[in-house]
Amino acid sequence: MGEIEYADFDNDGEEELIIRGYCNARLFFDVIGDTVYRLFETTSTTDVGNVVEMKGKRVIERTDVMHVGRNIYRITQYDSCCCIIDWFTLSAGFEGSSYSAEDEFYYRRREISMKEFEAIRDTIVFNGYSTMQ
Ligand SMILES: [Ca+2]
């Protein structure tokens with residue numbers, strides 16, 4: 001059985017429906033007019049979906065941070081018509097269990113420093129909308 005969650009992840013003042021299932025798999029839905037759209041689903045520990053805030057706007061965060069060798073954040077921002085209005089990847093790639101300043105960091109396909117990586121990552125705020133642990 002799934003758990004129902006609601007969050008206004010497209011910032012239009014109306015809450016969208018999220019169904020959470022086994023292992024935090026999530027289905028994200030929006031309604032436009034009379035039509036329900038299944039926007040996307042996340043299904044594994046390499047693609048964990050969540051609703052977070054960046055710069056005061058809610059966005060979808062999909063992370064791959066539970067395995068060694070990488071920390072990947074994929075951020076997608078939707079408008080009220082289910083259109084993607086911004087998206088980017090923030091990532092760190094490294095040997096072993098943690099990164100250091102010598103490893104590779106990318107933001108919007110541009111190589112950045114570890115400090116820049118952490119500064120951008122720290123702007124991603126989980127505001128506790130849901131019942132996630
Ligand atoms: Ca909404």
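Bear in mind that the values in this text are calculations on the coordinates, not laboratory data. Remember, predicted model here, so these are calculated numbers, not experimental data.
Suppose only helical runs count, i.e. DSSP H with n ≥ 4. What mean residue ellipticity at 222 nm does that imply for the chain under -39500 (n - 2.57) per run, divided by all residues and rounded to the nearest 500 deg cm²/dmol?
-1500 deg cm²/dmol
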- Computed over the stretch 12-133: relative contact order in percent, which uses C-alpha pairs under 8 Å that are six or more apart: 15
- Task: For the stretch 57-64, just list the computed ³J(HN,Hα) in residue order, Karplus coefficients 6.51, -1.76 and 1.60, θ = phi - 60°, integers in Hz, with x standing in for Gly and Pro.
- Result: 10, 7, 9, 8, 10, 10, 10, 9
- Task: Calculate the length of the line joining the C-alpha centroid of the stretch 48-66 to that of the stretch 70-85, in whole Å.
- Result: 8
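Per residue and in cubic angstrom, what volume does the convex hull of the Cα atoms of the stretch 2-133 have? Show your work: numbers first, answer last.
Values: hull volume 13.9 nm³, N = 132.
Here the figure is 105 Å³ per residue.
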